[in-house]
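Here the structure is laid out as structure tokens; the discussion comes afterwards.
The values are calculated or read from the model by the stated rules, or taken from the named source; none is laboratory data. Keep in mind the model is a prediction, meaning the values are calculated, not measured. Cβ: placed from backbone, ideal geometry, glycine included. Neighbour counts: every protein chain shown. Keep in mind that these areas ignore ligands, DNA and RNA; they rest on the heavy atoms of the full protein, side chains included. Shrake-Rupley method; radii C 1.70, N 1.55, O 1.52, S 1.80 Å.
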Amino acid sequence: MTKWAIVADLRRCTGCQTCTAACRHANATLPGVQYRKVLDVEVGSYPEVQRVFVPVGCMHCDEPPCRDVCPTTATKKRADGIVTIDYDLCIGCGYCIVACPYQARYKVSKAEFAFGHNPTSSETQRYDKRLLGVAQKCTFCSDRVDEGLAQGLTPGVDPRATPACVNACIADALYFGNTDDAGSNVSQLLDGNKSFRMHEELGTGPNIHYLWDEES
Amino acid sequence: MKGDGGAGQFQGVTPWLQTAWDMRAAGNFIGGGTGTGLLFLAAIAALAGGGSPLLVVVGLIAVAGGLFSVFLEIGRPFRSLNTFLGGRRSWMTREAYVAMALFPLGLASLVWPAATPFLLLLVLPYIYCQARMLKEAKGIPAWREPAIIPLIMASALAEGAGLFALLTAILGRRLPPWALLLLLLALGLRAGVWLVYRRRLASGGAPTRVVPKLARFTPPFLFAGHAVPLFLLVVAAVLPSLLAPLAALAGVVVLLAGWAMKAFIITRIALNQGFAIPVTPVRGKRRKGVDAAGTAPGWHQ
């Protein structure tokens with residue numbers, strides 16, 4: 001079996017937002033839409049204060065609440081765990097947006113570009129009208145994963161089969177791989193480190209794992 | 001996001017007010033609750049021999065108005081029939097299924113009044129679907145609180161009973177005792193469930209910013225929306241000659257309070273979950289005395 005997941009090493013993330021920029025470039029998202037965000041979180045109180053940078057986005061949950069509420073079945077979960085949206089089926093009711101406890105989904109009703117109403121030539125080429133008025137979110141770069149697999153590549157190891165955010169990370173803080181494979185990069189990282197998942201108490205089974213300390 | 005803003009825009013680490021559902025979505029809960037509540041009483045009135053086509057017509061119009069309101073909210077309205085595809089999991093689809101049975105039966109009852117009591121079989125599932133729709137929105141703590149289910153259902157009954165009292169006065173009929181009793185019961189139930197709902201949200205069930213909003217809303221909601229109509233109904237019981245106008249006035253107040261409550265829940269306290277880390281990552285060597293506690297910004301720590 002395959003279950004794709006991202007492992008984010010919070011000890012290494014510098015909050016540079018290169019993953020955010022790479023994601024926006026790869027997916028040509030409109031201004032304000034960020035499938036991959038990096039939170040800047042302050043922890044503690046003076047004088048013991050730390051900043052923690054936390055990459056977030058769609059968690060491709062085991063039990064995605066967005067799928068459960070979708071009235072059109074536009075949101076589906078693939079056998080490999082990736083949660084997808086059929087843009088031609090979605091009616092843009094926004095129910096999935098309020099069902100997601102990770103604030104991972106967006107709906108843009110009117111296209112605005114980096115410089116206002118008039119798109120640049122690059123934006124004109126890459127603008128996808130299908131996304132107007134419907135829900136959109138991170139896909140784990142499923143097109144890259146699928147194409148890579150078709151070419152015999154290993155997602156998470158070969159960059160051409162790996163999500164853009166993971167490829168772009170300058171701090172080696174993001175990893176992508178198959179958590180159902182005990183020998184995979186992400187499984188080994190999870191074995192050798194302490195990790196948590198966000199809002200786990202909600203029962204969603206998120207598939208972004210955060211490393212925070214070595215296993216003692 | 002420029003232009004229309006776009007629903008879901010990132011606004012920081014602490015929970016923020018969702019913008020995916022606005023008053024148009026609230027309109028569905030307002031119209032659906034009031035309409036099904038009224039149809040519930042219309043069905044009982046028919047059983048008691050006091051039915052009226054007006055009650056059914058107004059009830060159906062309210063439900064239809066709610067559905068039309070949400071139709072105005074969706075991004076791709078011409079695909080709205082796709083709503084019927086998700087019945088395996090989605091309470092929104094199930095609501096649509098029930099609506100598809102409710103309207104033919106309601107219209108049929110206008111032709112064959114003997115069919116009116118059968119509306120009872122559909123109005124309860126309809127309002128339950130609406131309540132579950134909110135409950136399943138896991139991203140909004142104020143909606144996923146389990147007390148939302150009895151709250152939405154109690155308010156539907158109260159709103160329906162309030163509108164029934166008003167329409168009975170308009171029809172020049174005497175408000176039947178069972179309807180008065182139902183109005184009082186629904187009023188008490190809604191106030192009681194609201195207090196439970198409020199307590200649960202205020203004691204860690206919702207982001208901290210929700211708490212002062214609840215504190216501001218609750219006194220006028222309970223006083224104007226419950227104590228005042230209760231007083232009016234007590235006066236009406238003492239002075240039977242004023243029963244019709246006072247019950248109608250109380251009904252209007254109960255109705256408006258229910259609408260205000262739903263608008264408040266959908267558009268004012270619907271802060272999302274925000275983000276949290278249960279532990280702080282250890283960078284370099286762990287410092288003695290500094291634990292690895294995490295944080296949940298915007299929530300009671």
Conditions (1) open to solvent by less than 20 Å² (accessible area, probe 1.4 Å); (2) more than 10 Å from chain B (Cβ to nearest Cβ): number failed by A:Asn27
(1)
Positions within segment A:108-135 being part of a loop (DSSP other than H, G, I, E, B) and facing chain B (nearest Cβ under 7 Å), in sequence order:
A:Ser109, A:Lys110, A:Glu112, A:Gly133, A:Val134
For segment B:126-171, the count of residues that are more than 30 Å from B:Ala236 (Cβ to Cβ) and in a helix (DSSP H, G or I) equals 15
Has segment B:277-295 got at least one residue that is in a loop (DSSP other than H, G, I, E, B), touching a Ser or Thr at 6+ places or on another chain (Cβ under 9 Å), crowded, with 17+ Cβ neighbours inside 10 Å and on the phi < 0 side of the Ramachandran plot?
yes
Mind listing whichever residues of segment B:174-207 are open to solvent by 50 Å² or more (accessible area, probe 1.4 Å) and farther than 25 Å from B:Leu233 by Cα?
B:Arg198, B:Arg199, B:Arg200, B:Ser203
With respect to A:Thr73, is the statement that it is open to solvent by 10 Å² or more (accessible area, probe 1.4 Å) and part of a loop (DSSP other than H, G, I, E, B) true?
yes
In segment A:84-107, residue farthest from the other protein chains (Cβ to nearest Cβ) [restricted to those that are surrounded by fewer than 24 Cβ atoms within 10 Å (Cβ to Cβ) and of a type in the set (A, V, I, L, M)]
A:Ile85
Which residues, counting only those in segment A:35-70, are more than 7 Å from chain B (Cβ to nearest Cβ) and part of a loop (DSSP other than H, G, I, E, B)?
A:Tyr35, A:Arg36, A:Tyr46, A:Pro47, A:Gly57, A:Cys58, A:Met59, A:His60, A:Cys61, A:Asp62, A:Glu63, A:Pro64
Could you figure out which of (1) surrounded by fewer than 19 Cβ atoms within 10 Å (Cβ to Cβ); (2) in a loop (DSSP other than H, G, I, E, B) isn't true of A:Cys138?
(1)
Lone qualifier among B:Leu110, B:Leu81, B:Leu72 - being more than 8 Å from chain A (Cβ to nearest Cβ), open to solvent by 40 Å² or more (accessible area, probe 1.4 Å) and over 30 Å from B:Ala7 (Cβ atoms):
B:Leu110
Go through segment A:194-216 and report how many residues are touching a residue at least 60 places away in the same chain (Cβ under 8 Å) and either touching a His at 6+ places or on another chain (Cβ under 9 Å) or among the aliphatic types (A, V, I, L, M) (or both).
8
If A:Ala171 passes every condition in (1) touching a strand residue (DSSP E or B) at 6+ places or on another chain (Cβ under 7 Å); (2) farther than 26 Å from A:Asp86 by Cβ but one, which one does it miss?
(1)
Within segment A:80-91, can one find any residue that is more than 27 Å from B:Leu271 (Cβ to Cβ), touching a Ser or Thr at 6+ places or on another chain (Cβ under 8 Å), touching a residue at least 40 places away in the same chain (Cβ under 8 Å) and small (Gly, Ala, Ser)?
yes
How many residues of segment A:183-216 are touching an Asp or Glu at 6+ places or on another chain (Cβ under 8 Å) and open to solvent by 30 Å² or more (accessible area, probe 1.4 Å)? The answer is 6
Members of segment A:95-123 that are under 17 Å from the mean Cα position of the chain (by Cα) and among the aliphatic types (A, V, I, L, M):
A:Ile97, A:Ala99, A:Ala104
How many of the residues making up segment A:122-165 are within 13 Å of A:Ala26 (Cβ to Cβ) and in contact with a Gly (Cβ under 7 Å, 6 or more places away or on another chain)?
3
Strands (runs of 3 or more DSSP E) contained in segment A:152-216 and holding at least 2 residues more than 14 Å from chain B (Cβ to nearest Cβ):
A:174-178
Pairing a residue in segment B:63-85 that is free of Cβ contacts under 8 Å to residues at least 24 places away in the same chain with any residue that is open to solvent by 60 Å² or more (accessible area, probe 1.4 Å) and assigned to a helix (DSSP H, G or I), where Cβ atoms lie under 7 Å and the two sit 6 or more apart in sequence or on different chains, gives B:Pro77/B:Phe71; B:Ser80/B:Phe71
